[in-house]
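Some notes on the structure that comes next.
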Amino acid sequence: MSAEKNTAGLRDKADKYTEFVSRGLGKDLAKRLGLPQPAILRRYHPGAPLVEGPILVIGEGAGPDAVAKVLLKWQQDVRRHATPKQKLGAIVVVLDELEHPDQLSDAMLTLGSALRDLNKNARVVSISRTATARDTPAVAAARNGIDGIIRSLAKELRAGASANGILLANDISADSPSAMSALRFFLSGRSAFVDGQFLTASTRGENAETDWEKPLNGNVAVVTGAARGIGAAIARTLARDGARVIVVDVPVAGDHLAAVANEIHGTALQLDVTTHDAGERILEHAIARYGRLDVVVHNAGITRDKLLANMDAARWDSVIAVNIASQLRMNEVFLGSSDFAQNSRIISVSSTSGIAGNRGQTNYAASKAGVIGMVRATAPLLAQGGGTVNAVAPGFIETEMTAKIPFATREVARRLNSLQQGGKPSDVAEAIAFFAQPGAAGVTANILRVCGQNLVGQ
């Protein structure tokens, strides 16, 4: 089998159980036996509708009206009042003027009464403000209450529907470009495996015309660890969205790397990211081939699992070297270069293990929690030039690595989230592509879990 055919065969492994219980005999059998019935998720395809059905906008004041106007500009069917038994594609709840928990009641009861009319794979998205130490206790309580509502509602929804939230920092408006970019991501099939999560719009962002089908046109992106699995999916997705992509991986993965590069009409760079001049070589390659570098995706990573009591130096040091030390070293080079100084994007792949921990993965969790710390500390360094840095934390994703997990353990891991299934490499790739978009210019220092709302961690 050629490397290209082999690579193609590894894309988006199907969850046979989900397919079986979604129709006919399997559906009836699962219902009678009380077995999990995960839905086939609505994923993004170019040209597909943003949502399937009207969008109900809930809320009082200027914020909800402004958001409704943006949705109308996107040529969506917008309703400001629910019509009983009329199916909805999405509900957007705008609560940007909350001052007390007492004000939650009307909006939540309106939302609750409309939930039964949601279509399969519908979306519920809240838009509210971040709670800060400067708020009065009542304001902070009201704003933080949205967190509990959305995370709980996400666990109540069924049939592939999801609930997520957008937090507005400072005084930016509900219809700011950065908030609307996040809203479009949450409404679309790009967020199929994102559930119970929040994105913070830190600044207003730029009010530029966006080609939603090709948002990365003219951009040059580099993806490390791109020979297969999630990295290859990221490269394909960025190329689909218009970017010219440099794929990077170790020389031993050269055949697979070349196949991915050929498929997306990009270029391949065989490189071990732990080498001390990795950042310089990536930058030199980008400038020599394309004259610029706009997006860096740190995806390369390894696992060397062992209980800490049995850990040895080789396992510990290799994981830290690949998963976090290499990123820190490369970022120093990128941030010090005038070729990466304006409107640049860095997106790192973290893990839910770095948030909630995982038995046998102290080394891996240290590296992935380290990524989160690095992202938050790097954001101010990029902000002056209009750049952003964010991280995506995948949960259980159907890859070659997870396919090797014993069957019973794998099945349990798949079902332990609100969507009752594993995600696909493309789900991680879509989240990364969102952060890379010019429209996400005001969205920085976020850690977005792509895990179907796994039942551990925040």
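Consider the stretch 340-357 and keep the residues that are open to solvent by 10 Å² or more (accessible area, probe 1.4 Å) and in a helix (DSSP H, G or I). The one that is farthest from I320 (Cα to Cα) is A356.
Checking each residue in the stretch 116-159 for being closer than 27 Å to P84 by Cβ, aliphatic (A, V, I, L, M) and open to solvent by 40 Å² or more (accessible area, probe 1.4 Å) picks out I149, A159. A search for C-beta distances below 6 Å between a residue of the stretch 307-335 that is of a type in the set (S, T, N, Q) and any residue that is in a helix (DSSP H, G or I), counting only pairs 6+ apart in sequence or on different chains, returns N323/S367.
Of the residues in the stretch 60-71, at least one is open to solvent by 90 Å² or more (accessible area, probe 1.4 Å), over 24 Å from the mean Cα position of the chain (by Cα) and at pLDDT 80 or above. Number of residues in the stretch 369-381 that are open to solvent by 10 Å² or more (accessible area, probe 1.4 Å), in contact (Cβ under 8 Å) with a residue 24 or more places away in the chain and not small (G, A, S): the value is 5. When T362 is tested against the conditions (1) at pLDDT 95 or above; (2) of a type in the set (V, I, T); (3) within 20 Å of the chain's Cα centre (by Cα), the lone failure is (3).
Looking only at residues of the stretch 72-107 that are assigned to a loop (DSSP other than H, G, I, E, B) and open to solvent by 90 Å² or more (accessible area, probe 1.4 Å), we find that the one that is nearest to P54 (Cα to Cα) is K87.
Could you go through the stretch 286-302 and let me know if any residue there is surrounded by fewer than 21 Cβ atoms within 10 Å (Cβ to Cβ), closer than 24 Å to G423 by Cβ and not basic (K, R). For the stretch 286-302, residues surrounded by fewer than 21 Cβ atoms within 10 Å (Cβ to Cβ), closer than 24 Å to G423 by Cβ and not basic (K, R): present. Against the definition (closer than 27 Å to T444 by Cβ, open to solvent by 10 Å² or more (accessible area, probe 1.4 Å) and of a type in the set (V, I, T)), how does T362 come out, yes or no? So T362 does not fit the description; no.
If you check V248 against the conditions, is it touching a residue at least 60 places away in the same chain (Cβ under 8 Å), hydrophobic (A, V, I, L, M, F, W, C), in contact with a helix residue (DSSP H, G or I) (Cβ under 9 Å, 6 or more places away or on another chain) and open to solvent by less than 40 Å² (accessible area, probe 1.4 Å)?
No; evaluated as a whole, the condition is false for this residue.
Condition check: open to solvent by less than 10 Å² (accessible area, probe 1.4 Å) and either within 19 Å of the chain's Cα centre (by Cα) or in contact (Cβ under 8 Å) with a residue 60 or more places away in the chain (or both). Does L187 satisfy that? For L187, the condition - open to solvent by less than 10 Å² (accessible area, probe 1.4 Å) and either within 19 Å of the chain's Cα centre (by Cα) or in contact (Cβ under 8 Å) with a residue 60 or more places away in the chain (or both) - is met. Looking only at residues of the stretch 405-455 that are within 17 Å of I230 (Cβ to Cβ) and in a loop (DSSP other than H, G, I, E, B), we find that the one that is farthest from the chain's Cα centre (by Cα) is I405. Checking every residue in the stretch 193-202 against the condition of being among the aromatic types (F, W, Y), open to solvent by less than 20 Å² (accessible area, probe 1.4 Å) and under 18 Å from I347 (Cβ atoms) gives at least one match.
Name the single residue, out of those in the stretch 24-35 being among the basic types (K, R) and either farther than 24 Å from L88 by Cβ or in contact with a strand residue (DSSP E or B) (Cβ under 8 Å, 6 or more places away or on another chain) (or both), that is surrounded by the most Cβ atoms within 10 Å (Cβ to Cβ). Break it down stepwise before answering.
Residues of the stretch 24-35 that are among the basic types (K, R), as a first pass: 27, 31-32.
Still in the list and also either farther than 24 Å from L88 by Cβ or in contact with a strand residue (DSSP E or B) (Cβ under 8 Å, 6 or more places away or on another chain) (or both): 31-32.
Working: K31: 11, R32: 8.
Restricting to residues being among the basic types (K, R) and either farther than 24 Å from L88 by Cβ or in contact with a strand residue (DSSP E or B) (Cβ under 8 Å, 6 or more places away or on another chain) (or both), the top hit is K31.
Which fully enclosed strands (runs of 3 or more DSSP E) of the stretch 214-297 have 1 or more residues being touching a Ser or Thr at 6+ places or on another chain (Cβ under 9 Å), closer than 21 Å to V389 by Cα and hydrophobic (A, V, I, L, M, F, W, C)? Before you say what the answer is, go through the steps one by one.
Values: elements: 220-224, 244-249, 267-270.
Because the criterion is at least 1 residues that are touching a Ser or Thr at 6+ places or on another chain (Cβ under 9 Å), closer than 21 Å to V389 by Cα and hydrophobic (A, V, I, L, M, F, W, C), the strands (runs of 3 or more DSSP E) in the stretch 214-297 that meet it are 244-249.
A quick yes/no check of all residues on (1) in contact with an Asp or Glu (Cβ under 8 Å, 6 or more places away or on another chain); (2) of a type in the set (S, T, Y); (3) more than 24 Å from S176 (Cβ to Cβ):
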site	(1), (2), (3)
T203	no, yes, no
L216	yes, no, no
A221	yes, no, yes
A232	no, no, yes
V248	no, no, yes
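Please pick out the residue among P54, P38, P46 that is buried (at least 16 other Cβ atoms within 10 Å of the Cβ) and in contact with a helix residue (DSSP H, G or I) (Cβ under 8 Å, 6 or more places away or on another chain).
Numbers: P54 fails: in contact with a helix residue (DSSP H, G or I) (Cβ under 8 Å, 6 or more places away or on another chain); P46 fails: buried (at least 16 other Cβ atoms within 10 Å of the Cβ).
When all the criteria are applied, what remains is P38.
Scanning the stretch 194-240 for residues that are within 29 Å of F396 (Cα to Cα) and among the charged types (D, E, K, R) yields D195, E213, K214, R228, R236, R240. Being in a helix (DSSP H, G or I), touching a Ser or Thr at 6+ places or on another chain (Cβ under 8 Å), closer than 19 Å to T275 by Cβ and of a type in the set (G, A, S) is a description that applies to S326.
The values are calculated or read from the model by the stated rules, or taken from the named source; none is laboratory data. Since the model is a prediction, treat every value here as computed from it, not as a measurement. Reconstructed Cβ throughout: ideal geometry from the backbone, glycine too, with neighbour counts over all protein chains shown. Side chains are part of the model used for accessible areas, which takes the heavy atoms of the whole protein and leaves out ligands, DNA and RNA. Shrake-Rupley method; radii C 1.70, N 1.55, O 1.52, S 1.80 Å.
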